[in-house]
Amino acid sequence: MKVTERADAKVNLLLDAGGAEDSPDAACGGTCPARFHQVDLVFQEISLHDDVVVEKAGDFSVKCAGNIRNNTAEKAARLFFEKTEMLCCAKISITKRIPVASGLGGGSSDAAAVIRALDKLYGTELTKEEMMELGRAVGSDVCFFLEGGCCLARGREFNLTKLEPKAGFYVLLETPKVRLPEKKTAWVYSEYDKLAKKKRFDAEKMAYAVEYGDATDVASLLGNSLEDVVLAAFPECAAAKKRMLEKGALGALVSGAGPTVFGIFDKRTAGAYETVA
């Protein structure tokens, strides 16, 4: 028996980062052990996705096409077996379409899909909160992917509110080929801390636009406190954002810690992905 789960990518319609404090960091999934930032986000899943296949086996393995190491998926599986007190035996195969370390949440989405798939495969019937507990132990973004669709996430505790978008739109992606620093997200946040002037954005306004506005309203409120760091470090991302606007995007933004740039369109555009409710 095998179970297949879809693992959708996401874009951050808004990321508002406050100042850093000395404490373990929830905002970057535990990758910034000495600092944390109060972060408000609006996540939106899109139809770009990986496929995660889980089947019972005599041993444990996680394999990704292209020999990519997926630490988050493996960690999610091991935590699942630890929590359910079951023998850690499963074959997990992941077909990757979401670019790695791109700001689109591929690793976290794969981890959420692994949790869902193992729960179905072994009939453990975990509650939503039990799944969320596993998700938090892997990384905060995993909790969003367990919820799915479009969500507002508030503060260090990453409290999620499910949003009901009034109208869908289309998202075009460009992931520039840049040389990324080790522990990219931690590095971007550390550079953000050095900025004399930090841009702040209103997540509540974006949430309202998502639920009651249209694509133009959403595009007008796109914001990412980390974008200035990414654009300064990687001119290729700035060029990608310019190209996106030249293609007619209503708005364009770096997703998360980058390097992917996305554009919002109110009409179907070649190569664009649909939003997932």
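The values are calculated or read from the model by the stated rules, or taken from the named source; none is laboratory data. Keep in mind that this is a model prediction, so the values were computed, not measured. Note that we place each Cβ from the backbone using ideal geometry, even for glycine, and neighbour counts take in every protein chain shown.
Checked against (1) crowded, with 22+ Cβ neighbours inside 10 Å; (2) not in a loop (DSSP other than H, G, I, E, B), Glu129 meets all criteria but (1).
Filtered by the rule that a residue be surrounded by 16 or more Cβ atoms within 10 Å (Cβ to Cβ), under 20 Å from Phe144 (Cβ atoms) and out of contact with any Phe, Trp or Tyr (no Cβ under 7 Å at 6 or more places or on another chain), the stretch 41-73 gives Leu41, Val42, Gln44, Glu45, His49, Asp50, Asp51, Val52, Asn70, Thr72, Ala73. Scanning the stretch 141-179 for residues that are among the hydroxyl-bearing types (Ser, Thr, Tyr) and more than 21 Å from Arg6 (Cβ to Cβ) turns up just one, Thr161. A search for C-beta distances below 9 Å between a residue of the stretch 187-199 that is within 21 Å of Leu221 (Cα to Cα) and any residue that is among the charged types (D, E, K, R), counting only pairs 6+ apart in sequence or on different chains, returns Tyr192/Lys198; Tyr192/Asp228; Lys197/Asp228; Lys198/Asp228; Lys199/Asp16; Lys199/Glu227; Lys199/Asp228. Tallying residues that are over 24 Å from Val188 (Cα atoms) and either in a loop (DSSP other than H, G, I, E, B) or aliphatic (A, V, I, L, M) (or both) within the stretch 210-244 yields 5.
Taken over the stretch 205-238, the residue count meeting the criterion of being touching a residue at least 60 places away in the same chain (Cβ under 8 Å) and not β-branched (Val, Ile, Thr) is 10.
Pairs meeting the criteria (first residue in the stretch 45-59 and closer than 11 Å to Leu104 by Cα, second residue polar (S, T, N, Q), beta carbons under 8 Å, at least 6 apart or on different chains) are Glu45/Thr275; Ile46/Thr275; His49/Ser109.
Taking the stretch 253-271, which residues are farther than 22 Å from Glu211 by Cβ and surrounded by fewer than 23 Cβ atoms within 10 Å (Cβ to Cβ)? Passing the criteria: Arg268, Thr269, Ala270, Gly271. Summed over the stretch 170-197, residues that are at pLDDT 90 or above and at positive phi total 0.
Residues that are aromatic (Phe, Trp, Tyr) and outside any helix (DSSP H, G or I) within the stretch 132-170 comprise Phe158, Phe169, Tyr170, listed in sequence order.
The single residue among Glu182, Glu204 that is in a helix (DSSP H, G or I), outside the structural domain of Gln44 (by TED's automatic domain parsing), surrounded by fewer than 16 Cβ atoms within 10 Å (Cβ to Cβ) and under 20 Å from the mean Cα position of the chain (by Cα) turns out to be Glu204.
Which one is farthest from Thr275 (Cα to Cα) among residues in the stretch 132-175 that are free of Cβ contacts under 8 Å to residues at least 60 places away in the same chain and of a type in the set (D, E, K, R)? Ranking the candidates gives Glu133 first.
Only residues in the stretch 120-131 that are under 12 Å from Lys2 (Cα atoms) count as the first member; pair them with residues that are among the hydrophobic types (A, V, I, L, M, F, W, C), Cβ under 8 angstrom, at least 6 apart or cross-chain, and list the lot. Close Cβ pairs (under 8 Å, with a partner that is among the hydrophobic types (A, V, I, L, M, F, W, C)) amount to Lys120/Val3; Leu121/Met1; Leu121/Val3; Leu121/Val54; Leu121/Ala90; Tyr122/Met86.
Of the strands (runs of 3 or more DSSP E) contained entirely in the stretch 22-100, those carrying at least 3 residues that are modelled with pLDDT of 95 or more fall at 35-55, 90-95.
Just one of Glu133, Glu147, Glu74, Glu55 is out of contact with any Lys or Arg (no Cβ under 9 Å at 6 or more places or on another chain) and charged (D, E, K, R); which is it? The conditions single out Glu74. The single residue among Ala117, Ala167, Ala112 that is out of contact with any Asp or Glu (no Cβ under 7 Å at 6 or more places or on another chain) and either closer than 30 Å to Leu231 by Cα or not charged (D, E, K, R) (or both) turns out to be Ala112.
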